[in-house]
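Below is one structure, written out as structure tokens; the observations come after it.
The values are calculated or read from the model by the stated rules, or taken from the named source; none is laboratory data. Computed from a predicted model, the values in this text were never measured in an experiment. Here the Cβ positions follow ideal geometry from the backbone for every residue, glycine too, while neighbour counts run over all protein chains shown.
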Amino acid sequence: MTVHPVPAEWARRAYVDAAGQAEKYRRSLEEPEAFWREETARIDWIRPWTQLGRCSFDEADFGIEWFADGTLNVSANCLDRHLAEHGETTAIIWEGDDPSQQRRITYRELHEDVCRFANVLKGLGAKKGDRITLYLPMIPEAAVAMLACARIGAIHSVVFGGFSPEALAGRIQDCDSRLVITADGGMRGGKLVPLKANVDAAVAHCPSVEAVLVVRHAGNAVTMQGGRDRWWQDERAAVSPDCQPEEMGAEDPLFILYTSGSTGKPKGVLHTSGGYLTWAAMTHHYVFDYRPGDIYWCAADIGWVTGHSYVVYGPLANGATVVMFEGVPNYPDHSRFWQIVDRHQVNIFYGAPTALRALMREGDEWVKRTSRSSLRLLGSVGEPINPEAWEWYWRVVGDGRCPIVDTWWQTETGGAMITPLPGATDLKPGSASLPFFGVAPQLVDAEGTVLPDEPGVAAEGNLCITRSWPGQMRTVYGDHERFFQTYFSTYKGKYFTGDGCRRDEDGYYWITGRVDDVINVSGHRMGTAEIESALVAHAKVAEAAVVGFPHDIKGQGIYAYVTTNAEVEPDEALRRELVQWVRTEIGPIATPDAIHFAPALPKTRSGKIMRRILRKIAEGDVSSLGDTSTLADPSVVDTLIATRAG
Ligand code: 6R9
């Protein structure tokens, strides 16, 4: 297998080399108090913490707290403290969907905008602890709105702009937001996303919403409802440019972000202030080896956790210059990413494998016609990166010069957990490599037996984490019991990630993908249960079962088995209708790739759908269906094999 050793220059100049990595890792687990005292010094505390943490994953005394008696304000850490020496440093370089549009915003300007935005929110009655829903395109005002919430101690809940009004309404209702922040519209690939119209449709079902603050951006016509809707640009001028940051406890909530799990509706993952910011800033510092002056670009949308931790909180806490991109990789053409790299002289680029695979398919020429000589480091996140895409990223995009940090983590973990450090870790294409400081992974088998962790011995099982880390989520908003049940009840005393994983002879971790009913479509997490409930909500559908199947570009595609009501004759028109239906119910990211009309689904005698078999059929691998003897009616399987979709 190929191993790419740490380039000599990186070993010399990086914050940590291999020996440093091993030593810091050891200290983080063996001397946590001293280790975290040092690492939290990167944060400006209003009142320094004295208690490190009180964390237990056991049911009897379950709870997670870090630095609990410390106080801080997250927005002051991302803004105010940079002003004295770096006020004129560019904080955000914005690149519009339309390649002729750019904006540059200094830390001083960002600070003023955040203060004004915070004052507008206060004027609308927002206060500490309130939930505020954000539904915005990738524009600087998205970061401004998040930081303004943090400044006054309100809890933001960002909903990805690709979600439908239905999905948005559910998320507004779940956390009872009184305020929604949106834009008239966003642009993606030359197409308008009618955000304000979507908010209008959503808010019609949300009696809790009293005010909608709208950022003028795309210039499309919108309806403004008197008494409820206001333009940010109008309000901005009428408020003071000063706003004192609220003193927040380290364990006061910073944000909620909804994410899919294997059961039920999306969960409101809750992150708090002190531990989360420490983790975001610290991982951004070490993983990207960020130096003042570097131009750093994370291509994730702020609607996902990667956008929270690595577009906004981590880099801004570190005083970085961040590129923010509204558009898509293939508009106006397949060179767009690399044109942006050249135009803004990007040094660090962090993106998702799905985009790389899509660009790889278009051929090297689109990449080669750009210079990319400014690039020094590349990153990958969101899903496993297959070695072929890794090598292409390395050879074609990075010209064989830039280390690739393949960072494994989750919405729940707040920031990178298993990742190379560019000056320390030899790279194996496809492996997220080694645990970050403070992270204690463990592999267990299905029964929970711990697999031996010894040098030279490989193992494969389910990935758990045995100790808390500061960036860990603290609860599921409004349902603490669900938090415990979802993550800590499968394997007693451990956090279960939902991922399968192999550890090789050198101790490198290879994430093999989800082992639960979550599918990862283009790096977006979807619960099969959500798509199923959208399908059965259609009047003609009796039953549905959704599974993932391998997809060349998306990583996984969505394969839906649908049983229609008895009187319905399934046809092509219904297939199209159901695809459209799911797009409307959840959003375009949940578009089924295949719909397989099934007269019946394979079930056990107790009525449980045998998903294992459905996955095999969707994958086209019917040679090894395993034991089907427990099926109530084994002939169902033959029918499904004969009628496989796609
Ligand atoms: C950050 C983020 C989390 C799930 C996670 C895993 C997959 C993320 C990965 C990766 C292999 C990587 N995942 N990064 N798998 N290698 N580098 O993506 O959060 O949206 O919550 O998804 O994504 O399956 O469990 P989130």
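Structure above, values below:
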| quantity | calculated |
| --- | --- |
| Tally, over the stretch 398-415, of residues that are buried (at least 24 other Cβ atoms within 10 Å of the Cβ) and away from the ligand (no atom under 16 Å from the Cβ) | 0 |
| Identity of the residue in the stretch 365-388, away from the ligand (no atom under 16 Å from the Cβ) and of a type in the set (A, V, I, L, M), that ends up farthest from the chain's Cα centre (by Cα) | VAL367 |
| Number of positions in the stretch 149-206 that are in a helix (DSSP H, G or I), of a type in the set (Lys, Arg) and closer than 16 Å to ALA126 by Cβ | 1 |
| In the stretch 78-101, residue farthest from LEU192 (Cα to Cα) [restricted to those that are among the hydrophobic types (A, V, I, L, M, F, W, C) and in a strand (DSSP E or B)] | ALA91 |
| Entirely in the stretch 272-361, the helices (runs of 4 or more DSSP H) that have 3 or more residues that are among the β-branched types (Val, Ile, Thr) and surrounded by fewer than 24 Cβ atoms within 10 Å (Cβ to Cβ) | none |
| Cβ pairs under 9 Å, 6+ apart, first in the stretch 185-200 and over 25 Å from GLY227 (Cα atoms), second assigned to a strand (DSSP E or B) | MET187/VAL193; LEU192/GLY186 |
| Output for the stretch 443-455, where each listed residue is surrounded by 15 or more Cβ atoms within 10 Å (Cβ to Cβ) and in contact with a Gly (Cβ under 6 Å, 6 or more places away or on another chain) | LEU443, VAL444, LEU451 |
| The stretch 34-58, subset over 28 Å from the mean Cα position of the chain (by Cα) and part of a loop (DSSP other than H, G, I, E, B), residue surrounded by the fewest Cβ atoms within 10 Å (Cβ to Cβ) | THR50 |
| Residues that are within 27 Å of GLU481 (Cβ to Cβ) and not aromatic (Phe, Trp, Tyr), drawn from the stretch 56-82 | SER56, ASP58, GLU59, ALA60, ASP61, GLY63, ILE64, GLU65, ALA68, ASP69 |
| Pairs, first more than 10 Å from the ligand (Cβ to nearest atom) in the stretch 297-308, second in a helix (DSSP H, G or I), C-beta under 6 Å, six or more apart | CYS298/TYR310; CYS298/VAL311; ASP301/GLY307; ILE302/ALA142; ILE302/VAL311 |
| So TYR258, is it more than 23 Å from GLU39 (Cβ to Cβ) and of a type in the set (Phe, Trp, Tyr) | yes |
| Inter-residue pairs, beta-carbon under 7 Å, first of a type in the set (S, T, N, Q) and in the stretch 372-384, second more than 13 Å from the ligand (Cβ to nearest atom) and part of a loop (DSSP other than H, G, I, E, B), 6+ apart | SER374/GLN345; SER374/VAL346; SER374/ASN347 |
| Residue satisfying condition, being surrounded by fewer than 17 Cβ atoms within 10 Å (Cβ to Cβ), under 26 Å from ARG37 (Cα atoms) and more than 16 Å from the ligand (Cβ to nearest atom), within set ALA440, ALA424, ALA458 | ALA440 |
| Meets criteria (within 16 Å of the ligand (Cβ to nearest atom), crowded, with 21+ Cβ neighbours inside 10 Å and either of a type in the set (Ser, Thr, Tyr) or outside any strand (DSSP E or B) (or both)) for THR497 | yes |
| Verdict on GLU31 being among the acidic types (Asp, Glu), exposed (fewer than 15 other Cβ atoms within 10 Å of the Cβ) and farther than 26 Å from LEU377 by Cβ | yes |
| Pairs, first in a strand (DSSP E or B) in the stretch 578-605, second at pLDDT below 95 and among the charged types (D, E, K, R), C-beta under 8 Å, six or more apart | HIS596/ARG644; LYS603/ASP633 |
| Residues within the stretch 500-522 that are within 12 Å of the ligand (Cβ to nearest atom), farther than 13 Å from ILE558 by Cα and surrounded by 21 or more Cβ atoms within 10 Å (Cβ to Cβ), tallied | 2 |
| Which listed residue, of ALA142, ALA183, ALA202, ALA221, is of a type in the set (A, V, I, L, M, F, W, C) and surrounded by fewer than 18 Cβ atoms within 10 Å (Cβ to Cβ) | ALA221 |
| Enumeration of residues in the stretch 69-109 that are under 26 Å from the mean Cα position of the chain (by Cα) and under 16 Å from ILE152 (Cβ atoms) | LEU72, ASN73, VAL74, SER75, ALA76, ASN77, CYS78, LEU79 |
| Filter result for SER489 (polar (S, T, N, Q), away from the ligand (no atom under 15 Å from the Cβ) and either at positive phi or surrounded by fewer than 18 Cβ atoms within 10 Å (Cβ to Cβ) (or both)) | yes |
| First in the stretch 527-547 and farther than 11 Å from LEU601 by Cβ and without any contact (Cβ under 8 Å) to a residue 60 or more places away in the chain, second anywhere and hydrophobic (A, V, I, L, M, F, W, C) and surrounded by fewer than 21 Cβ atoms within 10 Å (Cβ to Cβ), Cβ under 6 Å, 6 or more apart | HIS538/TRP581; LYS540/VAL568 |
